[in-house]
Amino acid sequence: QVQLVESGGGLVQPGGSLRLSCAASGSIFSTYYMGWYRQAPGKQRELVGTISSGGSINYVDSVKGRFTISRDNAKNTVYLQMNSLKPEDTAVYYCSKILPSPRSWGQGTQVTVSS
């Protein structure tokens with residue numbers, strides 16, 4: 001089972017930025033299809049975006065132009081750069097190894113956007 005550890009969450013004012021990191025175990029990280037998800041209070045977990053082993057990236061419409069996903073295979077790490085944050089971005093953010101199976105999840109990191 002791949003272990004995933006997120007970091008970088010915190011409290012930020014509207015319009016601010018945060019960068020989340022997700023460090024993964026395993027020697028074949030470069031082959032993993034990774035994703036970032038979030039879960040706001042009282043809501044279902046939703047996809048934020050994904051990055052393939054080849055670097056193809058997709059985002060949910062609500063974060064396009066504000067969030068950027070990247071990966072550093074040498075560090076076994078995937079990142080989520082979040083700019084122009086809004087109160088509605090407040091959630092617990094999770095990274096996930098989507099492929100290959102089985103799926104793995106990190107423990108999550110809280111992001112709170114508030115003045």
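Residues of region 1-23 with an amide N closer than 11 Å to a point placed 7 Å from the Cα of L47 along the Cα-to-Cβ direction: none.
Counting every pair of alpha carbons in region 76-115, the share spaced more than 11 Å apart comes to 72 percent.
Based on every Cα atom in region 1-65, Rg and the maximum pairwise Cα distance Dmax equal 13.5, 38 Å. Using a Gaussian network model of the chain with C-alpha springs under 10 Å, which one of K75, K86, K43 is most mobile by mean-square fluctuation? Among K75, K86, K43, the largest mean-square fluctuation in the Gaussian network model of the chain belongs to K43. Accessible-area rank, largest first, for L99, L80: L99, L80, with all protein chains present and a 1.4 angstrom probe. Once you have the Cα-Cα distance between N73 and Q39, take 0.36 nm times their residue separation minus that, and quote the gain in nm to one decimal. Gain on stretching N73 to Q39: 9.6 nm. Total lysine pairs in the chain at Cα distances under 24 Å, for residues eight or more apart or on different chains: 6.
Under a point-charge model restricted to the Cβ atoms of Lys and Arg (+1) and Asp and Glu (-1), what is the dipole moment magnitude of the chain relative to its Cα centre, in debye to the nearest 20? In debye, rounded to 20, the chain gives about 80.
Give the relative contact order (percent, whole number) for the chain; include only Cα pairs under 8 Å separated by 6+ residues.
About 37 percent, as a whole number.
Note on the chain: the alpha carbon radius of gyration divided by the globular reference 2.2 N^0.38 Å gives 1.00.
The values are calculated or read from the model by the stated rules, or taken from the named source; none is laboratory data. Values in this document were obtained by computation on a predicted structure and should not be read as measured data. Cβ: placed from backbone, ideal geometry, glycine included. Neighbour counts: every protein chain shown. Each accessible area value is taken on the protein alone, full model and side chains, heavy atoms only, with ligands, DNA and RNA left out. Shrake-Rupley method; radii C 1.70, N 1.55, O 1.52, S 1.80 Å.
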